[in-house]
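Step one of this worksheet: look at the structure below.
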Amino acid sequence: MKTKKIIFNKLIEITILFFIILTVLFFLFRAAPGDPVSRMVDPTLTPEDIQLLIAQMGLDEPAWKQYIIYIKNFFSGNLGHSFHYGEPVSNIILDRMPCTILLFTTSTLLAAFAGVFLGKIAAWKKGSAIDNVLSIGALLCHTLFIPWFALLVLWAFAYKLGWFPLGGIISPELWINDTSFFIKMLDVLHHMFLPLLTLFFIHLGSYLLLMRSSMLGVLKEEYIITARAKGLSDKVIRNKHAARNAALPVITSVGLSLAFSINGGALTEQIFTWPGIGRELIFAVSNNDYPLAQACFLLITAVVLIANLIVDLLYAYMDPRISY
Amino acid sequence: MALLKVENLSVGYKSKKGMVNAVNNISFSIEQGRSLGFVGESGCGKTTIGMTLMGLLPENASILKGDIIFNGNNLASFNDEKWRAFRGKEISMIFQAAMNALNPVIRVDEQIAEVIQIHNPAMSKSDVSNQVKKIFSLVEIPEDRLRDFPHQYSGGMKQRAIIAMALACAPKLIIADEPTTALDVIVQDQILKEIKKIQKALNTSVIFISHDIAVVADVCKDICVMYGGHIVEKGTREEVFKSPRHPYTKTLLGSYLTLDSYEDINVPEIREAPDLITMTGGCRFSANCNCKSQKCQCQTPEWVNLSSTHQALCFEELLNKDKND
Ligand SMILES: Nc1ncnc2c1ncn2[C@@H]1O[C@H](COP(=O)(O)OP(=O)(O)O)[C@@H](O)[C@H]1O
Ligand SMILES: [Mg+2]
């Protein structure tokens, strides 16, 4: 069918893009200053030991040879071993990935829905007290300095009030004992609440403002007058005729921000010691752990590409005028 | 009794520079099954009249005075609730398709079904969809195009869909505001035929608004010529076309027709747009008029009866002077 063909073409496009980015990343890391071995601070290492280590890691080969090996390994599912952990990178990634996905999709989707809903109301009541409160609030969210806000939240709700844990994703004692699945879920939610709250507010502002301005534009369209001329109620005009059109740019923005949220979210993960990809990425980059850093970036690339695919398809579904 | 009777209606828009007197002291009426045309250059207040009759004036606009009696109700005193039940049911409007009047993300049949549904809440879904089909066949859109989205339609089909939307609840009066302005001539012709056919078939009254006097004359038996918020001449189409009396009507006809019969008329040329904010009380056309009379600039012109149906807003001696030229 037509949609199947579209998806197929998009997938090919994405695959090509993915390998281009993979290649660029590979050489970028090799070109970066510093070497991984010098970070493994062990004063007893002799220069010979260091040479040996470098050879073990395959770093004595020329870059293009390393690249060919890397690609070969990639296709056999081997992303290499982390210099630091000494473990296969894929294990580390698979371990961190769910945490990040859980946190970011939840916060982005919640923020998007809330932003669309509140932005719709703000635009509909333009100039009213509600609009002013929402707009100023959104502007504040938008300009929040992430580390400051995250630390503030952590300090207030975890340290001062003690309502939430200071970090991590689980309380280990619950997982050693044979606790029910439900209790474990509650435990994860309890840990997730503060980082979620932080990310929610950080994203809420821009979604709200985007929806508000998009909705204001739509409300000036001729078809809104047509809808009023039919005698439809305000609620139907607002929700059916205006909001659906106005939400289209927000969908695009969700796709884009999912990309940035993983990078930008690294700080949030760091502060709340959330064991996700972002935190691992910061660690890997600052330690020249090429295989790990590269894999983290590749993963982010994949997520961004797939998110964009989903956004494209969703957009086509929401806006009948679009066909790829 | 007339279906709609508008008396001494004035509508103004608040603006930074002052009140824009977009519609001034106009009176007209329309009988059931008749068609009345409003013609005049852009900005003369035609759309304002249409929007006033629909209760769709923007927030900065207000009815300054006058009565609008429709079927025994004074529309000027309607609240939001009453307007909602009224619009689309008793009076409906045909908008310009080229102006994005159809919602791009909603299927066409749904956009028509929702008018029927809102004004007939008790009607079953299948009755509504049958009604939609009936209206589609009336405006000659093939049934297999019902479920399309607006962008899949041609300009002419979109306009037909908009007409279908206006007809959905069989209103007593339809206001068509420049419905064919952006269409090419052949499609325009088809749409005008459609409107005339439907008007006859359903015995609906039509108020037809256009800047194009040829189009208005095609559709309407009665014509009001507007200038600067005033109706300046009204009469049957034959009267206005064959013996235009107001200097502005002559200008308007002169700009569309270069028939021999008009060549010898002393046609004034429009040099400046009327100022709608300052009210001098004089004739708004005086700055452009060839009459060069002092009287026009300060004294309010009066309705001069030319026949039982034909009137012009001027001064009797000036109209006659012109005739003697
Ligand atoms: N929302 C508005 N605010 C202020 N002035 C307006 C507004 N809408 C229309 N006007 C003015 O009112 C006059 C009549 O406009 P309109 O009824 O749209 O004329 P037409 O339909 O004949 O072109 C114009 O001079 C226009 O500038
Ligand atoms: Mg107009």
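Tabulated values for the structure
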quantity	calculated
Stokes-Einstein D in µm²/s, Kirkwood radius over Cα pairs - region A:154-194 at 20 °C with 1.002 mPa s viscosity	202
Among A:Ala295, A:Ala31, A:Ala284, residue whose mean-square fluctuation peaks in a GNM of chain A (springs only between Cα atoms under 10 Å)	A:Ala31
Selected from A:Leu110, A:Leu209, A:Leu189 as most flexible by GNM, with chain A as the system and alpha-carbon contacts under 10 Å	A:Leu189
Pairwise FRET efficiency - A:Thr3 versus B:Ala287, Cβ, R0 = 51 Å, nearest 0.05	0.25
Residue order for B:Glu302, A:Glu222, B:Glu110 - accessible surface, 1.4 angstrom probe, largest first	B:Glu302, B:Glu110, A:Glu222
Dipole in debye (nearest 20) - chain B, about Cα centre, beta carbon charges: Lys, Arg +1; Asp, Glu -1	640
Interface residues, region A:221-240 - accessible area loss of 50 Å² or more versus chain alone, probe 1.4 Å	A:Glu222, A:Tyr223, A:Thr226, A:Arg228, A:Ala229, A:Lys230, A:Gly231, A:Leu232, A:Lys240
Among A:Val236, A:Val153, A:Val116, residue whose mean-square fluctuation peaks in a GNM of chain A (springs only between Cα atoms under 10 Å)	A:Val236
Within 10 Å of each Cβ in B:78-91, the average number of Cβ atoms from other chains	2
Segments A:190-200, A:90-100 sorted - mean Cβ within 10 Å per residue, highest first	A:190-200, A:90-100
Among B:15-28, B:137-150, the order from most to least packed when residues are scored by Cβ within 10 Å on average	B:15-28, B:137-150
When chain B is reduced to its Cα atoms, the Kirkwood hydrodynamic radius in Å	20.9
Unit charges on C-beta of K, R, D, E only; dipole of chain A, Debye	2100
Per-selection Kirkwood Rh - region A:182-262 (Cα, Å, 1 d.p.)	15.1
Distant alpha-carbon pairs in the protein assembly as shown (separation over 36 angstrom), percent	57
Listed residues B:Trp83, A:Trp155 arranged by accessible area, highest first, probe 1.4 Å	A:Trp155, B:Trp83
Principal axis box of chain A, alpha-carbon based, largest edge first, Å	85, 55, 40
In Å², nearest 10: area of A:Lys4 left accessible to a 1.4 Å probe	150
Anchor A:Lys10: lysines whose Cα lies under 24 Å away (excluding residues fewer than 8 positions away in-chain)	A:Lys2
The protein assembly as shown - share of DSSP beta bridges that are antiparallel (%, nearest 5)	65
Partner lysines for B:Lys295 [C-alpha distance under 30 Å; skip if fewer than 8 residues away on the same chain]	B:Lys14, B:Lys17, B:Lys46, B:Lys65, B:Lys234, B:Lys242, B:Lys250, B:Lys321, B:Lys323
Surface accessible to a 1.4 Å probe, A:Lys120 within the full protein complex, Å²	30
Per-residue average of Cβ from other chains inside 10 Å of B:97-103	5
Theoretical ellipticity at 222 nm over the protein assembly as shown - DSSP helices of four or more residues, -39500 (n - 2.57) apiece, nearest 500	-17000 deg cm²/dmol
Cross-link partners of B:Lys125 among lysines (Cα-Cα below 28 Å; sequence separation of 8 or more within a chain)	A:Lys230, A:Lys235, A:Lys240, B:Lys82, B:Lys89, B:Lys133, B:Lys134, B:Lys158, B:Lys172
At least 15 Å along the helix axis (C-alpha) and Kyte average at least 0.5, DSSP helices within chain A	A:2-31, A:89-124, A:129-143, A:181-219, A:248-271, A:290-318
Using distinct alpha-carbon pairs, which all enter the 1/r mean, Kirkwood radius of region A:83-135 in Å	14.1
Accessible area (Å², 1.4 Å probe, nearest 10) - A:Leu103	0
By accessible area with a 1.4 Å probe, ligands and nucleic acids excluded, highest first: order of B:Ser129, B:Ser286	B:Ser129, B:Ser286
Calculated SAXS-style log₁₀ I(q)/I(0) at q = 0.10 Å⁻¹ - region A:214-310, Debye, Cα scatterers	-0.48
Rounded to 5, the percent of DSSP beta bridges in chain B classed as antiparallel	60
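The values are calculated or read from the model by the stated rules, or taken from the named source; none is laboratory data. Bear in mind the structure is a predicted one, so any value in this text is a computation, not a measurement. FYI the Cβ positions are ideal-geometry reconstructions off the backbone, even for glycines, and counts take in every protein chain you see. Areas reflect the complete protein model, heavy atoms only, side chains present, ligands, DNA and RNA absent. Shrake-Rupley method; radii C 1.70, N 1.55, O 1.52, S 1.80 Å.
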